[in-house]
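Written out below as structure tokens is the structure these notes cover.
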Amino acid sequence: MRLPRNFRSIAGFPAPFVDTEFGGRVSVPLFSFPPNGQALQVYLPIAELSVNLFFLIGIGGAVGFLSGLFGVGGGFLLTPLLIFSGVPSPVAVASVTGQVVAASTSGALSYYRRGMIDLHLALYLVLSGILGAFIGVYIFSVLRAMGQLDLVISLGFVILLGSVGSLMMTESIRSILKRRAGIVVRREANQHNWFHGLPMRIRFKKSKLYISVLPVLVIGLVIGIVGSLLGIGGGFIMVPALVYLLRVPGNVVIGTSLLQVVAMMGATTILHAVQSQSVDILLAFCLMVGGTVGAQFGASAGQYLRGEQLRALLAILILLVAIRFAAGLLIAPGDPFSTAVIGPGGVL
Amino acid sequence: MAALLVLSGWLCWTDPASAARLVSLLSTDTVQITSSFSGETLSFFGNIAPDAGTAERYVEGPFHVVVVVIGPTMQRVARRKSNVWGLWLNTEQVVFDDVPSYFRVLSSDKLTEITDPVTLATENILPEAQPGLSAEAGWWRSTVFGREIVRLLGRRGFYGLDENAVNFQSDTVYSARLTLPSDTPPGPYIALTYVFKDGAVVARKSEGFGVRKIGFERFLGTAARQQPLLYGVVCVTLAVFVGWLGGVIFRR
């Protein structure tokens, strides 16, 4: 008669209930116990996984520090970081939009108090941006169903960050070299582009501009689509676009762009919550707290660095993220297969 | 040896005393996901007793116990990346309906020692068989992609086979432990317990337990699904408030 391999006989002898090897504890099957000792795990109700609270606030704070240092929203760093640390990309994108709103609000408010926002210009940007967000969130859900969301997010980051990063890099290196050579850089003003001749011209008093409304709407729309698709505020596209394309004066650029980011990302958060239900409010909140605090330290640290040095550092950072995404697309994956839940099942 | 097994199986099959009753117990009927949830260990206990209505006073072993824990089913997709013009893209996908999100088998011995493959297949005990067949993909692609789902979920600890997880404390009393990971999918679970004797099922029992978010996590989860607009508005309000508060506190 064969006995089961781990059968414990009580015939004649007491069963070996006490295991001396493990300090005389009651013998139980050897399982790996859950890591209860880990401090402060937070369970994220939408992402459905538990993450260390300090990790979340830490990356929120680190990204907030950088965003305060460079004056950008930080979404372009936070979304990739969350994706690389295991948060599903739909949840990462949708939740970071909430964080971007918080990060931009305090900046927008302080610019508003100082009267450095062109509300008229912002209105047009916000309206077209919200329209763009509708389109972007729609594309988002279509891509998610097709299984190509990760690809588009990666490609989008590579193209966007790669081009913006290299532009900033060349520009800042050139100005650093010029400063070394002792040349005073002066930007030529009032240069006209071809689209200044477009119809539907509107006077923006605060920006001292009399330009066609069409390029304004197109910029808002494009940033709305890209921002909602990639979970970034788009401030780092908006600011150059306003400065170089529309020739908006420097004193209202950042405030206007921040206001546009707040309104557009607010709309995007609501749209993501309705359309894909992938906004994790707890994840967003942890990131917000870390980000808001970190931004304050970043802003004060930024005063010790010169403008072109800051831009060069930011360009390096942007390029690194772009390279990381490009590597994911170009290097053969360790595992060509992946799986995802796409809907609720039937009964068991 | 094989002939001996077949012979002993045949002998026991004809034995009228092979029917048994399983008295079993689960350590909990609800696994609660709280904010600090980091997995939970479940215990299964049971005793194999003579069937009700028979004159038997005791049952004779040796018994083997297999516990199958099945999680809520989901519609799941498996995707394969391939290289298109230098870029690695998802190029192929197969959708499976009703894939258990959790499927772990605990047994008291190697499954091949406990019973034959036919019984394992008819009782649907093997994790590899769970994704089933996808209607539109055909048999071959269903099999290939289904195995990959099992492998990927197995690596996350959701699928698997623990072949010495059930321990016998006596001839008829067993216990088993199962640790649910921290990212266990919430939903209704079923634990199916099979008692095998000489390759045949002599008793079986199923117990249900739930893995559910409670308290604040549950509130947030349901709010996101049932009131998505309100949830989104609250999220934005919270963001604006945190941003404003940060500005006030640090006087930016």
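In region A:228-244, is there at least one residue being within 32 Å of the chain's Cα centre (by Cα), open to solvent by 40 Å² or more (accessible area, probe 1.4 Å), more than 30 Å from A:Leu77 (Cβ to Cβ) and modelled with pLDDT under 80?
No - not one qualifying residue is present in region A:228-244.
Which of the residues that make up region A:88-102 are hydroxyl-bearing (Ser, Thr, Tyr) and under 14 Å from A:Gly234 (Cβ atoms)? Before the answer, list the steps.
Taking region A:88-102 as the starting set, the residues that turn out to be hydroxyl-bearing (Ser, Thr, Tyr) are A:89, A:95, A:97.
A:Thr97, the sole residue that qualifies.
Residues that are at the interface with another protein chain (Cβ under 10 Å from one of its Cβ atoms) and open to solvent by 10 Å² or more (accessible area, probe 1.4 Å): which strands (runs of 3 or more DSSP E) entirely in region B:139-228 hold 2 or more of them?
Once the strands (runs of 3 or more DSSP E) in region B:139-228 are filtered for at least 2 residues that are at the interface with another protein chain (Cβ under 10 Å from one of its Cβ atoms) and open to solvent by 10 Å² or more (accessible area, probe 1.4 Å), what remains is B:173-180, B:187-197, B:200-213.
Which one of the conditions (1) under 28 Å from B:Arg76 (Cα atoms); (2) facing chain A (nearest Cβ under 9 Å); (3) in contact with a helix residue (DSSP H, G or I) (Cβ under 9 Å, 6 or more places away or on another chain); (4) surrounded by fewer than 20 Cβ atoms within 10 Å (Cβ to Cβ) does B:Val234 fail to meet, given that it meets all the rest?
In the conditions (1) under 28 Å from B:Arg76 (Cα atoms); (2) facing chain A (nearest Cβ under 9 Å); (3) in contact with a helix residue (DSSP H, G or I) (Cβ under 9 Å, 6 or more places away or on another chain); (4) surrounded by fewer than 20 Cβ atoms within 10 Å (Cβ to Cβ), B:Val234 misses (1) alone.
Any chance region A:281-303 includes a residue that's open to solvent by 20 Å² or more (accessible area, probe 1.4 Å) and not in a helix (DSSP H, G or I)?
Yes, region A:281-303 has at least one match.
Conditions (1) of a type in the set (Phe, Trp, Tyr); (2) out of contact with any Leu (no Cβ under 8 Å at 6 or more places or on another chain); (3) modelled with pLDDT under 85, marked per residue:
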residue: B:Ala165; (1), (2), (3): no, no, no
residue: B:Gln169; (1), (2), (3): no, yes, no
residue: B:Tyr174; (1), (2), (3): yes, yes, no
residue: B:Pro188; (1), (2), (3): no, no, no
residue: B:Ile214; (1), (2), (3): no, yes, yes
residue: B:Gln227; (1), (2), (3): no, yes, no
residue: B:Thr237; (1), (2), (3): no, yes, no
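Across region B:114-138, what is the number of residues that are in a helix (DSSP H, G or I) and either touching a helix residue (DSSP H, G or I) at 6+ places or on another chain (Cβ under 9 Å) or free of Cβ contacts under 8 Å to residues at least 12 places away in the same chain (or both)?
Final tally of qualifying residues: 10.
Take the conditions within 21 Å of A:Tyr43 (Cα to Cα), at the interface with another protein chain (Cβ under 9 Å from one of its Cβ atoms) and open to solvent by 10 Å² or more (accessible area, probe 1.4 Å) and apply them to B:Ala239. Does it pass?
No; evaluated as a whole, the condition is false for this residue.
Quick check on region B:163-174. Is at least one of its residues assigned by TED's automatic domain parsing to the domain that holds B:Phe96 and in contact with a helix residue (DSSP H, G or I) (Cβ under 8 Å, 6 or more places away or on another chain)?
Applying the first criterion (assigned by TED's automatic domain parsing to the domain that holds B:Phe96) to region B:163-174 yields B:163-174.
Now restrict to residues that are in contact with a helix residue (DSSP H, G or I) (Cβ under 8 Å, 6 or more places away or on another chain): B:163.
The answer is yes; a qualifying residue exists.
Quick one: which of B:Arg212, B:Arg204, B:Arg225, B:Arg218 is out of contact with any Cys (no Cβ under 8 Å at 6 or more places or on another chain) and closer than 25 Å to A:Val262 by Cα?
B:Arg225
Does any residue of region B:45-52 turn out to be modelled with pLDDT under 80 and within 19 Å of the chain's Cα centre (by Cα)? Please lay out each step first, then the result.
Keep residues of region B:45-52 that are modelled with pLDDT under 80, which gives B:51-52.
Filter again for within 19 Å of the chain's Cα centre (by Cα), leaving none.
No; the residues of region B:45-52 include none that is modelled with pLDDT under 80 and within 19 Å of the chain's Cα centre (by Cα).
The values are calculated or read from the model by the stated rules, or taken from the named source; none is laboratory data. All values derive from a computational prediction rather than experimental measurement. We place every Cβ from the backbone using ideal geometry, glycine too, and count neighbours over all the protein chains shown. For accessibility, only protein heavy atoms count, side chains too; no ligands or nucleic acids. Shrake-Rupley method; radii C 1.70, N 1.55, O 1.52, S 1.80 Å.
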